[in-house]
Amino acid sequence: MSKYFFFFLLVPFLCISQDFSDDDYIYLKRHEHIKISLSDDKFDIVQNITEQGKFISSKNLYYANESIGYSSFSEIKDIEAFTYIPSTDKRIEVDYIETKQEFDNMIFYSDDEYKSFIFPAVAKGAETHLNYKRIIKEPRFLGGFNFAIHVPTKSAQLSVEFPKNVEIGYVEFNTESIKLEFKKEETATSNIYTWNAYDTDGYEGEDDSEAAMYYLPHMLLYIKSYETNDKKVNILNDLSDLYKWYVSLIDQVDTDSLENVYKITDEITSSLDSKEDKAKAIFEWVQNNINYIAFGDGYGGFIPTGAASTCETRYGDCKAMSNLLYEMLNHVDIEAYRTWIGSRNKPYSYYKVPTTSVDDHMITAAIIENDTIFLDATDSYVPFGMPSAFIQTKEALMGIDDKNFKIIKVPIQKSSQSKTTITSNITLENSTVKVSEKRALQGYDKVEFVSDYIYKKDSKTEEEYLNTTLALGNNKTNYTNISKTNFDNKGIPLILEYDLDIDSYTRNIGNKIYINLNIDRSLSNSDVEIKDRKYSKKIDYQFERDFTTNFQIPEGYYASYIPDEISFEDPNYGFKISYARNGSVITQSKSIYIKTLSVKKDGFENWNRFIKSLRKAYKKSIILEQI
Amino acid sequence: MIKKIAFIALLISTTSSFAQHFRTYDWEKNPKLHEINKEEQKESSIAILKKHIVEYVSNVISPEPKLYETEHTIIRVNDDNGIAQHNTVYIPMYEVRKVVNIKARTISPSGKVVLLNQDNIKEVSNVEEYGDFKIFAIEGVELNSEIEVLYTVEKNYEIYGSQTLQANYKVKEAQFLFITGKLESNVKAYRTLETFEEVKINGDNAQLLTIKDIPGMVEEEYATPKANNIAVVYQCFTEGQNITQNMFWTNVSNNVGRQFFPETIVSQATEDVNKIVEGKTDLTNFKKAALVDIFIKSNYTIVKNNNQELSDLNYILTNRSSSDYGILKVYGQYLKALDVEFEIVITANRFLTKFDPEFFVPGMLRDFLIYIPSEKKYIAPDRFEGRIGEAPFNILGNYGLFISSDFEHYFSKIIQEDPDYSRIRRDMNISFNNDFESVKIEQDQDYYGHWSETSRAVLSLSTEQGITEYKDYLTGSGIEDKEILSYEAFNTDMNQLEYNIPFKVKTTISSEELLEDAGDSYIFQIGLVIGTQSELYQETERINPIEMIYPNRYNYEIIVNIPEGYSVEGLESLIIDKSYVARNGEKTAKFESNYKLEKNKIVITIEEYYKTHEFDLNRYEEFREVINAASDFNKAAILFKAVE
């Protein structure tokens, strides 16, 4: 009898529940309860975290590794962790927890730490149980919660309990993809908000797609204000509170001993007249002379190093570099502001969430003849006047003075600013294709080439490096006479010239020679795998490429076939390839443009049509026959 | 009288401790930039000096000598990459008893000297598995400046040590100064013709190795550059002690043997073993070892942290967590319980270290394997994607210390018993649809050995995207418009009980782009059906000896069905024959492709193999030709012409 009872209970459960049986590890439960208390104008904030995971298979026991990260603004307490084996009803405690310091190649020094441990005796069927408290010391860093993470979660719950005289703000992101239940409760003194989501899928990142936070269903929470003695005290009620807090940190910047900074500024600008020239000279000096080294050290992670120190040590993080620019520009009377900004990895807007989650970067904004110029010297190769590519489209929070700020969106840099022109002359000598080619690279195309060349060439020879990066012709392409001009000169195009010998490139079949003038097949393999793809395709910058290829028909031959013009036109991307005959020379004109920073999922089919059509055009050969 | 002798002895020791070299060793008072030539200016960075001083000092208070290590480097940085490589300094505090001093300075092209502000030295603790560090950023670095770092640490006494003298940038002068005074010592240098010179440092015996103009180590394909750096190993004994290499090895064998060859089986292990064999009594040694390997890899986690208990057998058996060292005890218990004779092998990853049986330094003893002599097979306990079989590819070719159950030891090169262990068999059937609109390729493939291990691991453990990319590889990479019509894989479970069971995959793909319309004919780019093959470049002189990942073999049969009403031309591009003949006359590598016309079929056969993973550096060109033959085949194209 009891069997039937069980069965009936089980059925509705199965109907609404996914079983995730293909996964190796899932969370049965991930619950976070935040308790906010307030006494004598001091917040006491504790997150209680409860997690329960389960091994569905024993394929990947790596999930037994657990780490709990925290910065100097929080503290981890009362960790209780154990493995539970349902089949034997055994519980095995975690008896060893290590504290380790965060360390990665991107950040030179950080005071972030993590608690690291392993769940013991895990195997198929084992459950991992974890409870701990996180004490939040800075009320502006309430943080957020992800309803979905890299593995599936059966029950994800966020709850926040706060005194009735406190107001909190919360913003949902990407929750349209899940069913999120919300409930408000109250006790005599507190409000409790609870959000529940069930059976959320595991999320995996994809190449060339936006950062995970653009997709993960999550919530950001913050304390807006509290009332005390009939007075309202704002914490992060709106953007002006965030700005006020930033100003209080900026007030702590060391502004002493700037003589040397001013001396250098005067030296590099004294011979220049216009503000633009001066600003350019200052920007390039910082780009060339200050080495980027990232630090993350408590409030030091928010307060820029003083300009005098940055100038002396010749290194600094984004804040240090932007602060030095700020001091130097203002010294020569160029209107310049310290500016907070999020990189394209951050999906947030200051207007929607007035918290530090929005930004992760600092730059300087200068106003020259009514133009706002965004200066980011952490990119050592970007030309003056262009922002670093990774902050395009983002809101820049410009600090005007102690009270006033302004938000301006960093404009998308037009494709014409990153235009590369390629001119090639091709001849055919004894079935070897000989090419002399000249490339003029500008804008982000140049920035990318220069920084890759400097940092990724390693011990490769110049020939090998170009061969693997440009991938021209076939894998028998041989480079000679390589020259680079204006490599260091940021404002003007980089000229790259070389000669190529390409063996086994033409196909001689019967008495015909087939030669394909598309030795550069840019974008040919950039189609999107639509079937399994989940997220939009991110493009780093807009660009244009214009090719002119002149082919000298060898003596004794004539071109019996020249391909027709092919093009694909869309406002966001497209190409055109056409051929013209001029005596014994055939000229191919090819232009490609990308005028968008993102291809959304519903645009994939059109994008793939574009790539397919481009590949089809790339396949077209000229046919030569003997006269 | 005795008192007097003691007094004199003490006096001598104190004097000699005043004479410690590191106390007087210093950098130039008034530094100037060093001259470098034009070629050197083109490099991102070069070391003007890379000096290491290892100083053992007899200690009156304890029998253990004191150990001081001094590092002194001067690096010229010529571009942003050079600056980025050298403007942050990490000093490991592993086994460091005391930091004697740390200093650093930058000498700019204008001669300005910026000293490191000592307050900016930061400490990081317990970083991954590397321990603590002192770190700092170099101050005042400009292009073309020199970064000079000098520090001395006192370390806990260790008998042995090693030092790499070569770097991935040029070193104009490398020095290794080994000061041992009256203590017995040994020192050996690898991969250099220079020899140690006997010198006296403040009256103490010392040996100095100076090497000028060491080229920067380059990354090359089919090579183990990290393991090929010029390096030094050394040993220095306590007073009156002298240990031979054989004594060291015997000591290790006894220690290791005692820990891993159990006398008794603990009850938990017996219980586990009963579960493992499930009552079967007729299992071969191979099957028993395979079952043990599968059980351990499905139930234990290998952990890298400082928990000492992870090497304790009972703790490991209860918590099912172990250090990479402790897990061998579990193998020992299970194999002994099942009566499987085994040996412990201590060796090293050949991509990082070349194991030297003639000089003992624990730094070379990094990897443990279990060898089953009756089967001539290995188990790699810490490779959770691997299962019993031939030696792991990263160990192959290195020497190992083999320890048997009686704690006796011997050295042997770790070889692959079956040269055809890793191989791919591939059959393709190619036909054309709708009058040459598209090509259909049916493929039937078997992957053996390391190929099968990788395939199973990727498909079982990788991310969705990783799996998609691997399927692309399995169905023929580089065919840009490829459409996968069917895909079926067999024997995909990582846990296999039989030796070298192939991973099988059957697929059908179609592509339009492999065909090109050429007036009244069609060009078929048949060379691309074998997937993109990379070309091996060598514009500068090859430096590293040739070492492949593992020996392997490919056997392909490609059948092309000629459509009715068409003839075929250009078949000669399918004939390629390149081989590498070893000194003993044996053909050890080859790529051979050929074809036969059988009625309306072209039958193409490709045989490519590498019977060993090591090839002669002097014959690099021949090796390269064999490797590149596959990419030559990529360019093969045939023409279908309508029969008039």
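Annotations
- Remark: spin-label model distance residue B:213-residue B:561 equals 6.6 nm, labels positioned 7 Å along the Cα→Cβ axis.
- Segment A:483-540: trypsin sites (Lys or Arg not before Pro) in DSSP coil with no more than 12 other Cβ atoms inside 10 Å: A:531
- Pairwise Cα distances in segment A:223-275 exceed 16 Å for 66 percent of all pairs.
- Computed over segment B:423-642, the ratio Rg/Rh where both radii use C-alpha atoms and Rh is Kirkwood: 0.99
- Label-zone membership for segment A:145-188, site residue A:600, 7 angstrom Cα→C-beta point, backbone N under 20 Å: A:172-178
- Cα gyration tensor shape for chain B, rounded if a/c is under 1.5, else prolate or oblate: oblate
- Sorted largest first, extent of segment B:2-236 alpha carbons per principal axis (Å): 66, 43, 39
- Here residue B:195 and residue B:246 are evaluated by their C-beta separation; at R0 = 22 Å the FRET efficiency comes out at 0.35.
- Overall dimensions of segment B:139-290 as given by Cα atoms, namely Rg and Dmax in Å: 24.6, 73
- Whole-number D in µm² s⁻¹ for segment A:475-572, Kirkwood Cα-pair radius fed into Stokes-Einstein, 20 °C, 1.002 mPa s: 117 µm²/s
- Segment B:376-452 and segment B:237-284 have their alpha-carbon centroids 28 Å apart.
- Convex hull volume of the protein assembly as shown per residue (C-alpha atoms, cubic angstrom): 241 Å³
- Exposed-loop-free span, longest in chain A, where GluC sites (Glu not before Pro) count as exposed if DSSP calls them loop and at most 15 other C-beta atoms lie within 10 Å: A:1-203
- Whole-Å semi-axes of segment B:246-413's equivalent ellipsoid (Cα gyration tensor): 25, 17, 16
- Between residue A:580 and residue A:455, the contour length at 0.36 nm per residue exceeds the alpha carbon distance by 41.0 nm.
- The longest stretch of chain B left intact once loop-based trypsin sites (Lys or Arg not before Pro) with at most 15 other Cβ atoms within 10 Å are removed from consideration, loops following DSSP, is B:377-582.
- Interatomic Cα distance distribution for segment B:335-472, bins of 5 angstrom, percent: 2, 8, 14, 16, 15, 12, 10, 7, 5, 4, 3, 2, 1, 1, 0
- Restricting segment A:369-474 to trypsin sites (Lys or Arg not before Pro) in coil, as DSSP defines it, with at most 11 other Cβ within 10 Å: A:403
- Remark: spin-label model distance residue A:259-residue A:73 equals 3.8 nm, labels positioned 7 Å along the Cα→Cβ axis.
- Cleavage-rule hits (GluC sites (Glu not before Pro)) in segment B:116-156: DSSP loop, at most 14 neighbouring Cβ within 10 angstrom: B:128, B:129
- Overall form of chain A per C-alpha gyration tensor (a/c, 1.5; a/b vs b/c): oblate
- Computed with the Debye formula from one identical point scatterer per Cα of segment A:416-626, without solvent, the log10 of I(q)/I(0) at q = 0.10, 0.13, 0.17 Å⁻¹ comes to -0.48, -0.81, -1.28.
- Label-point separation, residue B:408 to residue A:62 (7 Å along Cα→Cβ), nm: 4.2 nm
- Per-residue shielding of B:295-307, expressed as the average number of other chain Cβ atoms within 10 Å of the residue Cβ, stands at 5.
- Relative to the dominant Cα principal axis of chain B, helix B:450-461 is inclined by about 90°.
- Each part gets one Cα centre, and for segment A:476-522 versus segment A:92-171 those centres are 53 Å apart.
Each reported figure results from applying straightforward, stated rules to the coordinates on display, with no laboratory input. Only a predicted model underlies this, so the values are computations on that prediction, with no experimental measurement involved. Cβ sites come from the backbone with ideal geometry, for glycine too, and all protein chains shown count toward neighbours.
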